[in-house]
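So the structure is just underneath, and the comments pick up after that.
The values are calculated or read from the model by the stated rules, or taken from the named source; none is laboratory data. All values derive from a computational prediction rather than experimental measurement. In this analysis, Cβ positions are derived from the backbone assuming ideal geometry, glycine residues included, and neighbour counts consider all displayed protein chains. Surface areas here come from the heavy atoms of the whole protein model, side chains and all, with no ligands, DNA or RNA. Shrake-Rupley method; radii C 1.70, N 1.55, O 1.52, S 1.80 Å.
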Amino acid sequence: SKWYYNPAIATSQQVNICDSSYNDGYSRGHLIPKASRDAESTMLKETYYVTNAVPQIQDNFNSGVWSSLENELQNRAASQRLYIVSGVAFNKVGETKSITYTTAKDDTKSIPVPNYFYKVVLRITTSSSGTVTAASTIGFWFEHKTYTNDSYVNYAVSVNQIEAWTGFDFFVNLPDTIENGAESNSSWTSF
């Protein structure tokens, strides 16, 4: 599919991956997968903004464990409302990993390659008036590397853990009593 510059950001601040991908074997890894937005044409096009892509190992990551997780979440979202945040990290809080850079085939800008990818997922239960009465969360954390014959289930961690590693506070609009309990779950089967 065709990729586009994000019209809300100056083109000079974006990497040109409109017609080709990154160098060094990295693909244009969607942060919001196209399948999550295919019901509405404008939202689908936005998944092809260059600002929704990061350099991602294609074989045995983007086309493997990451894709499998996205497909499973998409299947679950067909029957229940899920809130999903996808993100990248270059270091865990307090860590100083080196950062690899690449370029795009049609651009000279130096682009950092994430050391980690993650997803945090929220499912809520509401009363008839719309008040949140219960919530369940799960997180997934991956080193950015190849995974051969491995399941995303092996990388389930609590949202609390991902918050500690990233310094972000997810799902802040949940009532604290519900958020605190929900974000400690690290079991995919309990989600």
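Descriptive notes on the structure:
- Of the residues 21, 36, the single one that is closer than 20 Å to residue 152 by Cα and not acidic (Asp, Glu) is 36.
- The number of residues in segment 1-21 that are among the hydroxyl-bearing types (Ser, Thr, Tyr), in a loop (DSSP other than H, G, I, E, B) and either without any contact (Cβ under 8 Å) to a residue 24 or more places away in the chain or within 21 Å of residue 60 (Cα to Cα) (or both) comes to 2.
- Scanning segment 59-85 for residues that are within 17 Å of residue 139 (Cβ to Cβ) and not charged (D, E, K, R) yields a total of 10.
- Single match in 107, 24 (criterion: assigned to a loop (DSSP other than H, G, I, E, B) and on the phi > 0 side of the Ramachandran plot): 24
- Test: residue in segment 114-121 that is surrounded by fewer than 20 Cβ atoms within 10 Å (Cβ to Cβ) and over 25 Å from residue 50 (Cβ atoms): no
- Residues that are open to solvent by less than 30 Å² (accessible area, probe 1.4 Å) and part of a loop (DSSP other than H, G, I, E, B), drawn from segment 27-58: 33, 47, 48
- In this structure, residue 92 does satisfy being assigned to a loop (DSSP other than H, G, I, E, B), under 18 Å from the mean Cα position of the chain (by Cα) and charged (D, E, K, R).
- Taking each residue of segment 116-132 that is in contact (Cβ under 8 Å) with a residue 60 or more places away in the chain and looking for partners that are open to solvent by less than 50 Å² (accessible area, probe 1.4 Å) and of a type in the set (Ser, Thr, Tyr) with beta-carbon atoms closer than 7 Å, six or more apart or interchain, yields 121/137; 122/137; 123/136.
- Members of segment 147-174 that are more than 16 Å from residue 92 (Cβ to Cβ) and open to solvent by less than 60 Å² (accessible area, probe 1.4 Å): 147, 150, 151, 152, 156, 171, 174
- Selected residue (criterion: surrounded by the fewest Cβ atoms within 10 Å (Cβ to Cβ)) from residues of segment 59-81 that are out of contact with any Lys or Arg (no Cβ under 9 Å at 6 or more places or on another chain) and charged (D, E, K, R): 59
- Residue match in segment 143-154 (condition: assigned to a helix (DSSP H, G or I), touching a residue at least 12 places away in the same chain (Cβ under 8 Å) and within 14 Å of residue 66 (Cβ to Cβ)): yes
- Taken over segment 82-102, residues that are within 12 Å of residue 36 (Cα to Cα), free of Cβ contacts under 8 Å to residues at least 60 places away in the same chain and open to solvent by 40 Å² or more (accessible area, probe 1.4 Å) amount to 1.
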